[in-house]
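Below is one structure, written out as structure tokens; the observations come after it.
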Amino acid sequence: MACNRIEALEILLENPASINVKHSAKNLHLNIPRADTFLYHKGITFIMRSDELKRDKDLSYVYFIVKFCPDPAALIEALARYKEHEFFKSFRANLRKYLADVGKPGYKILRPFARRWVDEKKINREINEVFAPLLALVR
């Protein structure tokens, strides 16, 4: 059954980060996708979502990861390792299609999310500033 299939799941399984979590007096060792891997995956797959709300939510994940990352430069540097990856052309095309300039659909999608902490008149500039390093990577 493919109804709950995660597109490009193999990307999320590549090079996981390891964390330790204490739970009920036990230490659990977990492998999770790294931030750059999760961002790369979302950048490839958000466009594949058939439901617009889910697509918009996935694009907002990309925004939030880049916006609130403690070290955005390191994140972009880590993403650069995917330049030779088989899905990088899709990643590049999706970001350009949705975020290359203010007239692209990503701005309209992200405005309601950014409106919560950014003045209405500054939202487009905010989105542009957040995505500028990522778009520079995919040029």
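Candidates F68, F91: the one that is surrounded by 12 or more Cβ atoms within 10 Å (Cβ to Cβ) and not charged (D, E, K, R) is F91. Which residues, counting only those in region 46-55, are in contact with a helix residue (DSSP H, G or I) (Cβ under 7 Å, 6 or more places away or on another chain) and assigned to a helix (DSSP H, G or I)? Result: F46, I47, R55.
Sub-7 Å Cβ pairs linking a first residue in region 102-125 that is charged (D, E, K, R) to a second residue that is surrounded by 13 or more Cβ atoms within 10 Å (Cβ to Cβ), at least 6 apart or interchain, are K104/Y98; R111/I123; R115/I123, ordered by first then second residue. Kindly evaluate K89 against the criterion of being within 15 Å of D58 (Cβ to Cβ) and among the basic types (K, R). Criteria not met by K89.
Selection of region 99-129 for residues being surrounded by 11 or more Cβ atoms within 10 Å (Cβ to Cβ) and farther than 17 Å from K57 by Cβ yields A100, D101, V102, K104, V118, K122, I123, N124, R125, E126, N128, E129.
Out of all the residues in region 36-46, is one or more under 30 Å from N124 (Cβ atoms) and touching a Pro at 6+ places or on another chain (Cβ under 6 Å)? No, every residue in region 36-46 fails to be under 30 Å from N124 (Cβ atoms) and touching a Pro at 6+ places or on another chain (Cβ under 6 Å). Looking across region 17-41, the residues that are within 15 Å of the chain's Cα centre (by Cα), surrounded by fewer than 21 Cβ atoms within 10 Å (Cβ to Cβ) and either part of a helix (DSSP H, G or I) or without any contact (Cβ under 8 Å) to a residue 12 or more places away in the chain (or both) come down to A35, F38. Considering only residues in region 13-48 that are touching a strand residue (DSSP E or B) at 6+ places or on another chain (Cβ under 9 Å) and of a type in the set (A, V, I, L, M), the one that is nearest to A78 (Cα to Cα) turns out to be A35. Checking the stated criteria, R5 turns out not to satisfy the condition of being surrounded by 15 or more Cβ atoms within 10 Å (Cβ to Cβ) and of a type outside the set (S, T, Y).
Quick note: the coordinates plus some simple rules give every number you see, no bench work behind them. Just so you know, these numbers come straight off a predicted model, no measurement behind them. Note: ideal-geometry Cβ built from the backbone for every residue, glycine included; neighbour counts use all protein chains shown.
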